[in-house]
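One structure is given here, and the rest of the page talks about it.
Since every read-out is calculated from the coordinates, none of them should be taken as a lab result. In this text the structure is predicted, and so the values were computed from the model without any measurement. Here the Cβ positions follow ideal geometry from the backbone for every residue, glycine too, while neighbour counts run over all protein chains shown.
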Amino acid sequence: MAEASKQAITLIEAITQALAWEMKHDDSVVVLGEDVGINGGVFRATAGLQQTFGSQRVIDTPLDETTIAGLTVGLAAQGMKPVAEAQFDGFMYPMIDHIICHAARFRYRTRGRLTCPMVLRVPWGGGIRAPEHHSEANESIFTNVPGLRVVMPSSPQRAYGLLLAAIRDPDPVIFFEPKRIYRQYKEEVPDDGEALPLDVCFVLRDGSDVTLVTWGAQVKETLEAAEALAKEGISAEVIDVATLKPLDFDTIRESVAKTGRCVIVHEAPKTAGFGAEIAARLAEESMFDLVAPVERVTGYDTHIPLFRLEMKYLPSVDKIVAATKRTLAHS
Amino acid sequence: MAEASKQAITLIEAITQALAWEMKHDDSVVVLGEDVGINGGVFRATAGLQQTFGSQRVIDTPLDETTIAGLTVGLAAQGMKPVAEAQFDGFMYPMIDHIICHAARFRYRTRGRLTCPMVLRVPWGGGIRAPEHHSEANESIFTNVPGLRVVMPSSPQRAYGLLLAAIRDPDPVIFFEPKRIYRQYKEEVPDDGEALPLDVCFVLRDGSDVTLVTWGAQVKETLEAAEALAKEGISAEVIDVATLKPLDFDTIRESVAKTGRCVIVHEAPKTAGFGAEIAARLAEESMFDLVAPVERVTGYDTHIPLFRLEMKYLPSVDKIVAATKRTLAHS
Amino acid sequence: MTTVASFEIEYLQYLGPDGQLVRDDLPEFARDGKTVRDLFREMQKVRAFDAKAVALQRTGKLGTYASCLGHEATHIGIGSAMQYDDVFAPSYREYGAQFMRGVKPREVLMYWGGDERGNDFSGPPHDYSWCVPIGTQNLHAAGAALAFKLRGEPRVAVACVGDGGSSKTDTYAAINSAGAFTLPFVQCIINNGWAISVPRNAQTGAKTLAQKGLAGGLECLQVDGNDIIAVRAAMDFAIKRARHGHGGSCIEFVTYRLSDHTTADDARRYRGEEEVKSAWEREPFLRLRTFLTREGLWNPKEEEDWKVECNRLADIEVNAYLETKVQPVEVMFDFLYAELPHDLVTQRADALKWEGR
Amino acid sequence: MTTVASFEIEYLQYLGPDGQLVRDDLPEFARDGKTVRDLFREMQKVRAFDAKAVALQRTGKLGTYASCLGHEATHIGIGSAMQYDDVFAPSYREYGAQFMRGVKPREVLMYWGGDERGNDFSGPPHDYSWCVPIGTQNLHAAGAALAFKLRGEPRVAVACVGDGGSSKTDTYAAINSAGAFTLPFVQCIINNGWAISVPRNAQTGAKTLAQKGLAGGLECLQVDGNDIIAVRAAMDFAIKRARHGHGGSCIEFVTYRLSDHTTADDARRYRGEEEVKSAWEREPFLRLRTFLTREGLWNPKEEEDWKVECNRLADIEVNAYLETKVQPVEVMFDFLYAELPHDLVTQRADALKWEGR
Ligand SMILES: Cc1ncc(C[n+]2csc(CCOP(=O)(O)OP(=O)(O)O)c2C)c(N)n1
Ligand SMILES: Cc1ncc(C[n+]2csc(CCOP(=O)(O)OP(=O)(O)O)c2C)c(N)n1
Ligand SMILES: [Mg+2]
Ligand SMILES: [Mg+2]
């Protein structure tokens, strides 16, 4: 392991590394889902784990998401730390009942007697030319649900640190993994068991003219847009929200207080996407700091198309740059 | 029927009246759900319908919401116009998979070959001293889903007209019924089969100082707050959004252009509630009209408590008045 | 054709409605009539409590309440067969089973009285609380059973669901998981004839509800749920199998809901008086009185005294409930996460402000 | 104990893997060998198409594709037993059944090629399209069956799900609804041994998947899914029952997935070569060749010619697919609602703007 940590790894490998670390150090951690065992998951997130930890710790379930969610809640309530996998974002809907009615409520309902320290890992989002229902950006559904944490890393290091934190957190965490960037680039991720905080945004780039707020796979396009804007002399601050719920709005507010402009970028449909919450908070708390209307660059209010058209649906560098320039028309 | 229409009726009676009208005039309309038959629904929304239209038109299902949702989608795809009932808001979660993955997509997926003209009626919201899971305000989940309509009436007349429109609409409609005001007051509702439009907000009260935007049961408190404010010489415009998705933002924008202030009131948790979308649009489109920060008066970001505490959770007239006054501190 | 699988669903009953034994192989525990008498007494305690709870609701001192009238043999039988370390997952009306496990009647009242503290009850801390979304508890019990299996603990998870709830997909998921993982799990299906207004036959085309278990390869059995001896014997059998690693069972207990569904319901809208009247002839107390009287273990005087005692005990609980102060408003926030997230600090303060604090 | 219900699951097979008849009561349709030969030809068409589709994916001209290699007898048998007015609800690999109903191979390719127009296919307009969320289609078929029943139409709904999908709660819901409402519904469970990497035995403790139907009171049958005569006979039986108002059936077809799960999968990670090798000895073509040759209805020359023809037909389809132009961007909006809502006008214009239109 010490060896491995010297090598640069991808986001998906960082997920595997975090799972392996925590399983090694905490016997109560078990992984369950469809094909997570010998197959190592359809994205290879659990590759090798069953071989290392055995089929009592890495459990292939029957093919039913209700089953996975309900068993996970039960395991968590009874002293285990289950890390369940939804094979794709589009298959997690049957899990919602157990997540909203139970996982998010056990502590509240029983005044702390029963709790639900579970993690649900969900490969998330579009752009990989996959079949229908394999490309959903449905995080906003969960951000209105009290009692949950909603987390989405956007780099190998943040994937490692945030997943460790999610597993250790005593409350339920929905952990979205942007599958489009699973293998986008490699980064050195020390396998040191260091978790990251679950309630701060990451400022990925400092800037003074505009604040670009995003999360997940769009961090890529947003950073590229900031780079392009820099070439034109525009200084963009880039914030990766990463922990959507509970939200660290302080970081965003402070940035906007400095820049006076905000462009929010996300892949989900615009209306009632989580970008709405950030824009709403700006309308409440940053009105007098803003010199330009807030802009949202998002998926359209339609289903992400099958793959021949999907890139026309997703936010692009061009769209981000254009929106940013619109905010710069104001001063 | 002609007789009945002269009498003032409650919101729940208006629902029954709309169902009966449409079942009489359209043979393809069927009602299904738990206890909708001889029992007439736990809220009596379907009272008398099975007696009138028979058990082929008013169908008690096995106790399973997945079943209800899936059968409803199938019925709708095959030429029926099913109106399904979720017995309570808190029990609709197992329906989400069929709603999101299928009802909202059939037309899109098949390029119009198969469609899903269904209505899902959901008694919605808190404040009736009911047991756990009987008081949820979960509308925002559905407002991020393309292909759906989300509707919530707040008076007997609007309940009648909007339900007729929902049943006649060729696409799936989630129809939330604010159960706290099911029997709040009576109003004359002519049984004339006249539907209301599904994409306009209702301006319930004209005003010039501030725009109060709300929907569902909170329309009651919001109108009361407007009344109280009027006594202090403050003129509040009150908008009942009623058709949340697709949203008629024009009406809201125009009102705020006039008043310069906006208070959004809803029962759901604040973060990522549908109020966020309205505030976000204001931040995008009405920045230069607003003289004061937007305010949201909402449920807290926690579960609605069991009933001994639930009124402390819900927005109140006092809270709406206080928020409104905060906006008036700016000019 | 070749037969590749065959199944039989048996019906277990020891004591007929008339109090006569219908078979002569009484289980060990029942041969000592005193055990049966003790169970009978517990059943009476529940019935006394239940009547008080309904009365409380009628006088506006309790929210909606789900009565257990008629289910006492099933509930006490299930609860009495379990050990403390086992996990119980009730639906919402199995008070009898919960009382056997240490839950206090006042806690039941708190729950239906709109106070979450009822869920932080005196029963085993690992037991689940009442579960309103029908059937979901079955999977939490199966999850518990999976935890026991993974940790090698000789514990058993028992879940209850109704005839209506047997249609719920979660019930199938629990049954299927129990079979797939050979879990120490008992799925009790308490068939009381009705799911609010929907009769048993409208739920499914299956001849018995016990056979739902065949879909997951479980041991299946139908039991007279008004015969406490049969209930207890069936549970002993299923729990023993489970505890010894032989896997799950699905047991249908046939009983009858003598009350309205809840206090918010009016059963006269949808079911005939005749049916209810005849159900009263099969209810669980009658036959036990006959049986125990014949054994010389019960008499009208004893019954009178015990009733007085049951009422006294119930009153103590009712009073304790009525004296419970409302929780302070900040509990909304303080039990949401292990630690209050920074993002909620302002909202919590706002809630306190509206309390003048 | 009294037995209150008993069940037997039968296994239906006419033609053994070696091509010998294992029973002498051949169904009517099979006595005329020509019908069987025609079905065999259809099976060959599918296999030729399937190979082309996999090759297309390998050369980057198709997205992820789910092969039907090995399932041809089950698929063709199911499709051939249905009438046009019946409703078919496939999972995602039953192309054979769909071809029998008029769906064109090019439409299959369009779907997997990332073009929604594949779902607007040439098959019956009331048929469902491919369904990715496993098992959900079963309930849509049950809903169709309910519509037929309510309208008094003599139509039948047939749904297919895999061995993995038999664990899905929706499958139970469909089975239970069919029983509760006595629906004209056939639940086909196509057991091909694997759900991606999870073997059949990990899905459930049930001895057969056919017995899943017992949970809803359906007629249950297990069938050799590699024997087209058995498949067709079983479907004829179940469809006839359904059409005459006698209710639903649950039929398990035992076959084998000879391919990877999809082109995105590598089955060598999780299953042994031996197993696959032995499955090739039971596959559906071998036995039919033997049978038809014996009947004098098939010979190597005929096979050679037919293969050429199948490839020619497949190539036409592949070319038609490859020539399909991409849809204009506004389809995202124009097929969302019956009419474009006012709220989407700006977004639609924005999408066009980015196209320079
Ligand atoms: C998921 C869900 N749907 C609907 C309800 C409303 N509801 C409460 S009890 C009940 C009937 C339950 O019947 P059954 O399972 O037979 O149990 P019983 O009440 O007879 O004990 C219904 C429909 C619910 N609580 N949960
Ligand atoms: C609800 C859902 N969960 C997971 C998946 C991912 N998935 C696609 S196919 C498959 C296995 C299906 O196995 P089986 O039902 O046996 O059908 P087969 O592919 O063998 O025909 C899985 C898990 C899915 N499509 N839908
Ligand atoms: Mg019942
Ligand atoms: Mg399979």
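Based on DSSP, what percent of beta bridges with both residues in chain C are antiparallel, to the nearest 5?
Around 10 percent of the beta bridges assigned by DSSP in chain C are antiparallel ones.
Of the listed pairs B:Lys220/C:Lys325; C:Lys52/C:Lys325; A:Lys179/D:Lys277; C:Lys212/D:Lys149; A:Lys258/B:Lys270, which have alpha-carbon separations greater than 28 Å here?
B:Lys220/C:Lys325; A:Lys179/D:Lys277
So how strong a dipole does the protein assembly as shown carry about its Cα centre when Lys and Arg Cβ are +1 and Asp and Glu Cβ are -1, to the nearest 20 debye?
Charge dipole, the protein assembly as shown, about its Cα centre: 640 debye, nearest 20.
Going Cα to Cα from C:Lys45, which lysines come in below 19 Å? Please leave out same-chain ones fewer than 8 positions away.
By straight Cα distance, C:Lys45 reaches C:Lys34, C:Lys104, C:Lys301, C:Lys307.
Using a ≥ b ≥ c from the Cα gyration tensor of the stretch A:187-331 (square roots of the eigenvalues), is it rounded, prolate or oblate, where a/c under 1.5 gives rounded and otherwise the larger of a/b and b/c decides, a/b for prolate?
rounded
Using only Cα positions of chain D, each an equal point scatterer, no hydration layer, compute I(q)/I(0) via Debye at q = 0.06 Å⁻¹ and quote the log10 values to two decimals.
Values returned for q = 0.06 Å⁻¹ are -0.23.
For D:Trp306, B:Trp124, B:Trp215, C:Trp298, which order do you get if you count the other beta carbons within 10 Å of each Cβ and list the fewest first?
D:Trp306, C:Trp298, B:Trp124, B:Trp215
Could you state the number of Å between the C-alpha centres of the stretch A:302-323 and the stretch C:326-357?
Result: 41 Å between the Cα centres.
Taking a point 7 angstrom from the Cα of A:His25 along the C-beta vector, which residues in the stretch A:157-174 have backbone N less than 20 Å away?
Flagged as within label range: A:157-173.
Taking Cα atoms, how many degrees apart are the long axis of helix B:274-285 and the longest axis of chain B, rounded to 10 and kept between 0 and 90?
50 degrees
In terms of Cα to Cα distance under 16 Å, which lysines are near enough to B:Lys6, apart from those fewer than 8 places away along the same chain?
B:Lys186
With springs connecting C-alpha atoms under 10 Å apart, model chain B as a Gaussian network and identify which of B:Ile15, B:Ile320, B:Ile128 has the largest mean-square fluctuation.
B:Ile128
Nothing charged except the Cβ atoms of Lys and Arg (+1) and of Asp and Glu (-1): what's the magnitude of the dipole of the stretch D:10-326 about its Cα centre? Round to the nearest 20 debye.
With Lys and Arg at +1 and Asp and Glu at -1, about 320 debye.
Give the cross-link partners of C:Lys207 among the aspartates and glutamates, using a straight C-alpha distance below 13 Å as the criterion and excluding same-chain residues fewer than 8 apart.
C:Glu8, C:Glu10, C:Asp163, C:Glu252, D:Glu219
Ranked by Cβ crowding within 10 angstrom, fewest neighbours first, how are C:Val132, C:Val198 ordered?
Fewest-to-most ranking of C:Val132, C:Val198: C:Val132, C:Val198.
For the residues A:Asp289, B:Asp60, D:Asp350, what sequence is obtained by ranking on other C-beta atoms within 10 Å, fewest first?
Result, fewest neighbours first: D:Asp350, A:Asp289, B:Asp60.
Can you run phi through the Karplus equation (6.51, -1.76, 1.60; θ = phi - 60°) for the stretch B:42-51 and list ³J(HN,Hα) in whole Hz, with x for Gly and Pro?
3J(HN,Hα) across the stretch B:42-51, in whole Hz: 5, 9, 6, 5, 10, 4, x, 5, 5, 4.
Mind giving me the nanometre distance, one decimal, between the label points for C:Glu295 and D:Glu8, set 7 Å out from Cα along Cα→Cβ?
Inter-label distance under the simple model: 4.2 nm.
Can you compute 3J(HN,Hα) from phi for each residue in the stretch A:16-25, using the Karplus curve 6.51 cos²θ - 1.76 cosθ + 1.60 with θ = phi - 60°, rounded to whole Hz and x for Gly and Pro?
With the stated coefficients, the stretch A:16-25 comes to 4, 4, 5, 4, 5, 4, 6, 5, 6, 9 Hz.
What average count of beta carbons from other chains do you get within 10 Å of the Cβ of residues in B:289-295?
3
Counting only DSSP beta bridges with both residues in the protein assembly as shown, tell me the antiparallel percent, nearest 5.
20 percent
Check each of the chymotrypsin sites (Phe, Trp or Tyr not before Pro) in the stretch D:60-108 and keep only those in coil by DSSP with at most 12 other C-beta atoms within 10 angstrom; list them in order.
D:Tyr84
Quick one: what are the phi-derived ³J(HN,Hα) couplings along the stretch D:102-113, Karplus 6.51/-1.76/1.60 with θ = phi - 60°, whole Hz, x for glycine and proline?
x, 5, 9, x, 4, 6, 4, 5, 4, 4, 6, x
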